[in-house]
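Asks: Here it is: the structure, laid out below.
The values are calculated or read from the model by the stated rules, or taken from the named source; none is laboratory data. Just so it is clear, the model here is predicted, and its values are computed rather than measured. Because the Cβ atoms are built from the backbone with ideal geometry, glycine has one as well, and the counts that use them run over all protein chains shown.
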Amino acid sequence: MSTIIPFGPQHPVLPEPLHLKITLKDEIVTDAIPMLGYVHRGLETLVSIKDLDQMVQVVERVCGICSCIHAHTYCMCVEGILGIEIPKRAEFLRIIWSELHRMHSHLLWLGLLADAFGMESLFMHCWRIRERVMDVMEATAGNRVIISINKVGGVRRDLSPDQLRWIAQVLDELERELDAIKPVLTNDYTVKKRTVGVGVLTKEQAYELGAVGPTLRGSGVAQDVRMTGYGAYKFIDFEPVVEKDGDSYARTMVRFRELYQAIDIVRQLIRKLPDGELSVKVKAAKPEGEIVCRSEQPRGELLYYVKGNGSKFLERVRIRTPTFANVPPLLAMLPGIEMADVPVVALSIDPCISCTER
Amino acid sequence: MALETKNIAKTQLQAEVASLKAVGYRFVTLSCVDLGDSFDLIYHFDRELQMTHLRITVLKGDTVPSISNIYFAALCIENEIKDFFGISFDGLILDFGGHFYLEEEVKRYPFCKVSVKEPQAAKEGN
Amino acid sequence: MGFFTKLLETSRVKSPWIVHFDCGSCNGCDIEILACLTPIYDVERFGILNIGNPKHADILIVSGTVNHRNAKVLRNVYDQMPEPRAVIAIGACGTSGGIFREAYNVVGGVDKVIPVDVYVPGCPAKPEAIIDGVVLALGKLKEQRTAKDTDSLAAELHQAREFYANRADRQVVE
Ligand code: SF4
């Protein structure tokens, strides 16, 4: 006998309305169908009302968690079509803020995962550590979550030497705090019991189903769009973080190790930050042509397709967000696991529904 | 900077995509643009961070062969395009029937005619 | 007023339980609401508790714009909450539709679907502002209680019973 139960849309584990229709046989999931559309706003159609500078603010609000990277990618696209070279300092500053976003996003996610398997204390610790990053954001950009520092042609704000020194200090503290919670992730019985061997995605499956980001790297594929060297990443040394096992634990560890990686990247950026202008003037831009740009978000590869039609309104902005690509892998992970593990597995791809549906 | 795409005919699509898959490409996504009386469908693929794009042009009202039998991942995006533009895909594995995102009362195919010349089209849905 | 009613009323205002519903928000506001629960802001020390079940809640916090699909869910969540209840709309989106106002799938602010008691502006609203909003909502909760007499409550209960007894789609499970 099989039962169909709706998982969501209003659900305590996730603030967002994720809705899966799950077919159960006894306690085992046999099938899952995603039901989307609760967050769909249709913001890609706003291109016809908002001009290309205003669109920066709109695309930032595709997703509040990785807003900086959305804006960065959009700006890369428009600058690419217009053939603008932005100052080197601006490239570096963009990446500093992007990596800060990656840190806060991963910490947030780690907290939510801990909450999903009932480990309240880890949740609280992660979010306490995350507040350090939020402080940096608030002090440097003026807002906590959506910071709006990108604009077409450069960045809006600068980081003073004092601020840079302070950020470096905060990063040191952050690293110490991460070291403190590391034993919980590597040794704790609860964490391992709930994640090791749960929701396995093999390397072949992951690649074939088009998984991206930590979901892909957790399955042993070393693919990170940052390796293409967009923005200032070409001046930075780093290696993509890869784990072999493809289960929820591997994905957790990928994200956890990426936290250290992000700290390292920001340190390098601060060290190598060149002097110079913050932005170039872009006057009465009328882009014409099409372009595809990709970047690496905390959740994986983000793709923007932008088409301009020779006026200050763009013809089309198409956003393929990482979670959208991670939905088919999620559907492949779910069959065969127990109902009680569904929240943990669903969270292990780091779902961002507002990204997915835009 | 122009986007380099390979223009192919609708009938070649399945074969082209299958051959890309055979050499290890990963399906990234599918973009659709309204050109007035036809649609541009651009298929994006990736292998070791190198991208390849295929472009097909379909007339309004035409159907397109689905590639969800080759790449399961194409399922979501094909459903999405069906919602937004009203393009039907032949052989879609799991068909939401145009209600992947949208409810009944929403304007049909909202992404069509989204352009500066007709700003009303976008506002109607309010 | 009996002793128990009084006790109930005081404790409701002293320890409100909130349920959070995300209606098409961009996550900016959601994570700020969650941040309120975490050590830096820690609203739990005031007795404010976030729970998942609308049937236990006194205050509904809604973030984000309403679209055609989630309007029904929002209405449903609201209807499940017991009286007295207060609704807080968070962020520019919750109050008016914000930046997405002109998008085709957006109905508008939360008040298009359910009555809203407190509006918290900001994009995203800061945790401090959200906590302020909850405190304001508590005042509303108190007022509502005194305004509503027991007769009308009884009438409502009767109505609800009638409704459930005569429902066409009522399924009898043997
Ligand atoms: S008000 Fe701003 S931050 Fe909040 S959901 Fe809306 S767009 Fe996002």
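Asks: Return yes or no: is C:C29 closer than 16 Å to A:V39 by Cβ and not acidic (D, E)? Outline the logic, then answer.
Replies: On the way: closer than 16 Å to A:V39 by Cβ: yes; not acidic (D, E): yes.
For C:C29, the condition - closer than 16 Å to A:V39 by Cβ and not acidic (D, E) - is met.
Asks: Looking at C:N50, is it within 16 Å of the ligand (Cβ to nearest atom) and polar (S, T, N, Q)? Steps first, answer last, please.
Replies: Numbers: within 16 Å of the ligand (Cβ to nearest atom): no; polar (S, T, N, Q): yes.
No; evaluated as a whole, the condition is false for this residue.
Asks: Mind checking which residues of region C:5-44 are in a loop (DSSP other than H, G, I, E, B), within 18 Å of C:R85 (Cβ to Cβ) and touching a residue at least 60 places away in the same chain (Cβ under 8 Å)? Break it down stepwise before answering.
Replies: Step one: of region C:5-44, the residues in a loop (DSSP other than H, G, I, E, B) are C:15-16, C:23-27, C:38-42.
Retained after the next criterion (residues that are within 18 Å of C:R85 (Cβ to Cβ)): C:15-16, C:23.
Residues satisfying the conditions are C:P16, C:C23.
Asks: Still on this model: Step by step: first the residues of region C:55-77, then only those that are under 12 Å from C:D111 (Cα atoms) and outside any strand (DSSP E or B), then the one that is nearest to the ligand (Cβ to nearest atom). Which residue is that?
Replies: C:G64
Asks: May I ask you to verify whether A:S279 is among the hydroxyl-bearing types (S, T, Y) and within 20 Å of the chain's Cα centre (by Cα)?
Replies: Values: among the hydroxyl-bearing types (S, T, Y): yes; within 20 Å of the chain's Cα centre (by Cα): no.
Considered against the rule, which asks whether it is among the hydroxyl-bearing types (S, T, Y) and within 20 Å of the chain's Cα centre (by Cα), A:S279 comes out as no.
Asks: If a residue must be more than 10 Å from the ligand (Cβ to nearest atom), at pLDDT below 85 and surrounded by 22 or more Cβ atoms within 10 Å (Cβ to Cβ), how many such residues does region C:87-102 contain?
Replies: 0
Asks: Let me ask another. Looking only at residues in region C:103-132 that are in a helix (DSSP H, G or I) and within 13 Å of the ligand (Cβ to nearest atom), which one is surrounded by the fewest Cβ atoms within 10 Å (Cβ to Cβ)?
Replies: Within region C:103-132, the subset in a helix (DSSP H, G or I) is C:110-112, C:127-132.
Going one step further and asking which of them are within 13 Å of the ligand (Cβ to nearest atom), we end up with C:110, C:127, C:129-130.
Working: C:V110: 32, C:P127: 22, C:A129: 16, C:I130: 26.
Across region C:103-132, the extreme among qualifying residues is C:A129.
Asks: Given the residues C:D22, C:D42, C:D30, which is the only one that is under 30 Å from A:I146 (Cα atoms) and more than 19 Å from the chain's Cα centre (by Cα)? Even if it seems obvious, please write down each step before you answer.
Replies: Values: C:D22 fails: more than 19 Å from the chain's Cα centre (by Cα); C:D30 fails: more than 19 Å from the chain's Cα centre (by Cα).
One residue alone meets the criteria, C:D42.
Asks: Quick test for you: out of B:L30, B:L49, B:L35, pick the one residue that is crowded, with 18+ Cβ neighbours inside 10 Å and either of a type outside the set (D, E) or in contact with a Phe, Trp or Tyr (Cβ under 7 Å, 6 or more places away or on another chain) (or both). Quick ask: steps written out before the conclusion?
Replies: Working: B:L49 fails: crowded, with 18+ Cβ neighbours inside 10 Å; B:L35 fails: crowded, with 18+ Cβ neighbours inside 10 Å.
Result of the check over B:L30, B:L49, B:L35: B:L30.
Asks: Pairs under 8 Å by beta carbon, first residue more than 9 Å from every other protein chain (Cβ to nearest Cβ) in region B:21-39, partner not in a strand (DSSP E or B), six or more apart or different chains?
Replies: That search, which allows pairs on different chains as well, returns B:D37/B:K60; B:S38/B:K60; B:F39/B:K60; B:F39/B:F85; B:F39/B:I87.
Asks: Also, I was wondering about something else. Filter region A:145-204 down to the residues that are closer than 18 Å to A:R102 by Cα and part of a strand (DSSP E or B) and list them by number.
Replies: A:N150
Asks: Could you tell me which residue of region C:81-111 is farthest from the chain's Cα centre (by Cα), considering only residues that are within 30 Å of C:R12 (Cβ to Cβ) and polar (S, T, N, Q)?
Replies: Filtering region C:81-111 for residues that are within 30 Å of C:R12 (Cβ to Cβ) and polar (S, T, N, Q), the one farthest from the chain's Cα centre (by Cα) comes out as C:S96.
Asks: Could you list, in sequence order, all residues of region C:47-60 that are in contact (Cβ under 8 Å) with a residue 60 or more places away in the chain and hydrophobic (A, V, I, L, M, F, W, C)? Even if it seems obvious, please write down each step before you answer.
Replies: If we filter region C:47-60 for residues that are in contact (Cβ under 8 Å) with a residue 60 or more places away in the chain, which is where we start, we get C:48, C:58-59.
Those that are in contact (Cβ under 8 Å) with a residue 60 or more places away in the chain and hydrophobic (A, V, I, L, M, F, W, C): C:I48, C:I59.
Asks: Within the group C:K55, C:K72, which residue is basic (K, R), more than 12 Å from the chain's Cα centre (by Cα) and surrounded by fewer than 18 Cβ atoms within 10 Å (Cβ to Cβ)? Step through it out loud before you land on a result.
Replies: Numbers: C:K55 fails: more than 12 Å from the chain's Cα centre (by Cα).
When all the criteria are applied, what remains is C:K72.
Asks: Select from region B:63-90 the residues that are closer than 18 Å to B:F45 by Cβ and over 10 Å from the mean Cα position of the chain (by Cα) and list them in ascending order.
Replies: If the condition is that a residue be closer than 18 Å to B:F45 by Cβ and over 10 Å from the mean Cα position of the chain (by Cα), then B:P65, B:I67, B:S68, B:N69, B:I70, B:Y71, B:F72, B:A73, B:L75, B:C76 are the ones that fit.
Asks: What number of residues within region C:1-47 satisfy the criterion of being within 16 Å of the ligand (Cβ to nearest atom), more than 8 Å from chain A (Cβ to nearest Cβ) and at pLDDT below 80? Lay out the reasoning, then the answer.
Replies: So in region C:1-47, the residues within 16 Å of the ligand (Cβ to nearest atom) come out as C:20-36.
Now narrow it down to the ones that are more than 8 Å from chain A (Cβ to nearest Cβ): C:36.
After this cut, where a residue has to be at pLDDT below 80 as well, the list is none.
Residues meeting the conditions: 0.
Asks: Same structure, new question: Can you list residue pairs whose Cβ atoms sit under 7 Å apart, with the first residue in region B:1-20 being within 14 Å of chain A (Cβ to nearest Cβ) and the second being part of a helix (DSSP H, G or I)? Count only pairs 6 or more apart in sequence or on different chains.
Replies: Short answer, once both residue conditions are applied: B:M1/A:G80; B:M1/A:I81.
Asks: Picking from A:L269, A:L302, A:L259, which residue would you name as being touching a Lys or Arg at 6+ places or on another chain (Cβ under 7 Å) and hydrophobic (A, V, I, L, M, F, W, C)? Write out each step before concluding.
Replies: Working: A:L269 fails: touching a Lys or Arg at 6+ places or on another chain (Cβ under 7 Å); A:L259 fails: touching a Lys or Arg at 6+ places or on another chain (Cβ under 7 Å).
Just a single option satisfies the conditions, and that option is A:L302.
Asks: Look at region A:143-187 and say how many of its residues are free of Cβ contacts under 8 Å to residues at least 12 places away in the same chain and within 16 Å of the ligand (Cβ to nearest atom).
Replies: Count: 2.
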